[in-house]
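Only one structure is covered here, and it is reproduced in the block below.
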Amino acid sequence: MKSLNKVMLIGIAGKHPELRYTSGGTPYAYFFLAVDDSYKNKNTGEWVNNTTWIKCVAWGKLAELIAQMVAKGKMLYVEGKFKFEKEWKGKVNAYVLMETFTMLSPRKHFSSSEEIDANDEDYSSEDTSNEPIQEVPF
């Protein structure tokens with residue numbers, strides 16, 4: 001039986017993405033996405049809202065686009081794969097390796113002279129996720 005590792009999220013960017021480069025010059029970016037989960041409390045009848053902060057990581061051209069387009073407070077749709085990385089002292093970091101995204105918030109301005117409309121097209125990252133990171137992006 002085949003398995004599937006697919007993550008689809010809609011949430012709000014918690015801060016502006018950080019764009020960095022590996023020692024080999026490959027760009028990568030990361031940011032945290034706030035995703036809300038609401039349910040009705042059976043005892044009180046009130047709605048309870050829980051926010052989960054999910055780390056999103058992108059590589060290559062996708063990372064550069066995210067750094068240009070995503071800003072704190074903007075809503076976006078993210079699609080990717082769930083990943084784990086083991087760090088020193090046995091700590092494990094979980095994150096979404098982004099494959100594509102779509103901006104859901106309207107843009108008032110754009111930080112680059114090149115006009116890119118993420119609502120017209122999805123952006124895919126180059127598959128460089130196996131390249132070792134000199135500095136862990138967490």
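What follows is calculated from the coordinates using simple rules that are stated; it is not laboratory data. Everything numeric in this text was worked out from a predicted model, so none of it was measured. Ideal geometry is used to build each Cβ from the backbone, glycine not excepted, and the neighbour counts take in all protein chains shown.
For region 4-105, applying the loop criterion from DSSP together with a ceiling of 11 other beta carbons within 10 Å to the GluC sites (Glu not before Pro) yields Glu46, Glu87. For region 1-84, the relative contact order works out to 41 percent when only alpha carbon pairs closer than 8 Å and six or more residues apart are counted. The loop-placed trypsin sites (Lys or Arg not before Pro) in region 20-88, going by DSSP, that have at most 13 neighbouring Cβ atoms within 10 Å of their Cβ come out as Lys42, Lys72.
Under 1.5 on a/c is rounded, so check that first for region 1-71, then, if it is not, pick prolate when a/b is larger than b/c and oblate when it is not; a ≥ b ≥ c are the square roots of the alpha carbon gyration tensor eigenvalues. Since a/c reaches 1.5 but b/c is at least a/b, the shape of region 1-71 is classed as oblate.
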